[in-house]
1. From the cross-link list 28/94; 50/256; 14/94; 14/256, which pairs have alpha carbons spaced over 26 Å apart?
2. Roughly what angle does helix 2-27 make with the longest principal axis of the chain, taking Cα atoms, 0 to 90 degrees, to the nearest 10?
3. Which order, highest average first, do 21-31, 69-79 follow once you tally other Cβ atoms within 10 Å for each residue and take the mean per peptide?
4. Report, by chain and number, residues whose modeled amide H sits under 5 Å from the one on residue 137, excluding near sequence neighbours (fewer than 5 apart, same chain).
5. Nearest-5 percent of antiparallel DSSP beta bridges in the chain?
6. Find, among the chymotrypsin sites (Phe, Trp or Tyr not before Pro) in the stretch 212-283, those assigned to loop by DSSP (not H, G, I, E, B) with at most 11 other beta-carbon atoms within 10 angstrom.
7. Order by neighbour count: 193, 66, 80, fewest other Cβ atoms within 10 Å first, most last.
8. Can you put 218, 99 in order, fewest other beta carbons within 10 Å first?
Amino acid sequence: MRIVKTFRVKRKKKLDIISNDVMVDHLKWTGHLAAMASEEIEDLIQIPGKFPKGKYLICFDPLDGSSNIDINLTVGTIFSILRCPEGNGNPTLKDFMQKGTEQVCAGFCIYGPSTMLILTIGNGVNGFTLDRDVGEFILTHPNMRIPRDTAEFAINMSNQRFWQPPIQRYVDECVRGTEGVREKNFNMRWNASMVAEVYRILTRGGIFLYPSDSKIAKQGGKLRLMYEANPMSFIVEQADGLSSTGLERIMEIQPKDIHQRVPVILGSRAEVERVVRYHSEKA
């Protein structure tokens, strides 16, 4: 049993690294990028001197939801594109420290029953599905919009005892259903895969919460600002949703570190507004 468990852990880590290497190998020679940052790599990834450099920077999570690999559930890739400061042929970490509002493009791929690319360039959100017969992504979900109201929420309930009062209040109201102040029943979802959660929200509404709590407060939150929170916030806001830490708009946070972590609350507008209001009432 110990041998099987060890093999599974090694296989998961190996696929994380393989995914990272595939992305780097396919991006370094395009001529569009000046440098790269990956959730899997501590330092920046520079473009080799033999390849032309471009005017953009990319931050990416090569394999979101990697804990789902062994149980064959949905995983994906998340990316964020920033402009590289003009005249900087050798970008440093400082050049990446841009607010989410400075993103020029963001997207994610989801590897489910079909392979999809969800993309925004700041003018709405479009979904493309891979047609394996022709090897191209076809526009299948134009102008995706998140419903303002919902009856679904996604949160890791195992952390409930660590939550702050505003989150406790919100989830408790959802769980009480028609007998509570919300007077309607909610369904809870949790896939441990941000790409799956956000795609579901884009297609039928909902709210995703990975808030700060007493267990992770010292590190700022669970999800990475540059690789997960900012690109997903850009997509959600472009689809008429909202994204917040509970106290501030995520895309207005000034990054201090390339691997910085933040709380994330995003999805249908009315639900995010409610959670933000509960935080302000507590303050």
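Each value in this text was obtained by applying a stated rule to the coordinates, not by laboratory testing. Nothing here was measured: the structure is a model prediction, and the numbers come from that model. FYI the Cβ positions are ideal-geometry reconstructions off the backbone, even for glycines, and counts take in every protein chain you see.
1. In this structure, 50/256; 14/94; 14/256 lie more than 26 Å apart at Cα.
2. 60
3. Top to bottom by mean Cβ count within 10 Å: 69-79, 21-31.
4. Long-range HN contacts for residue 137: 131.
5. Antiparallel bridges: around 80 percent, rounded to the nearest 5.
6. none
7. By the 10 Å Cβ count, ascending: 66, 193, 80.
8. The order, fewest Cβ neighbours first, is 218, 99.
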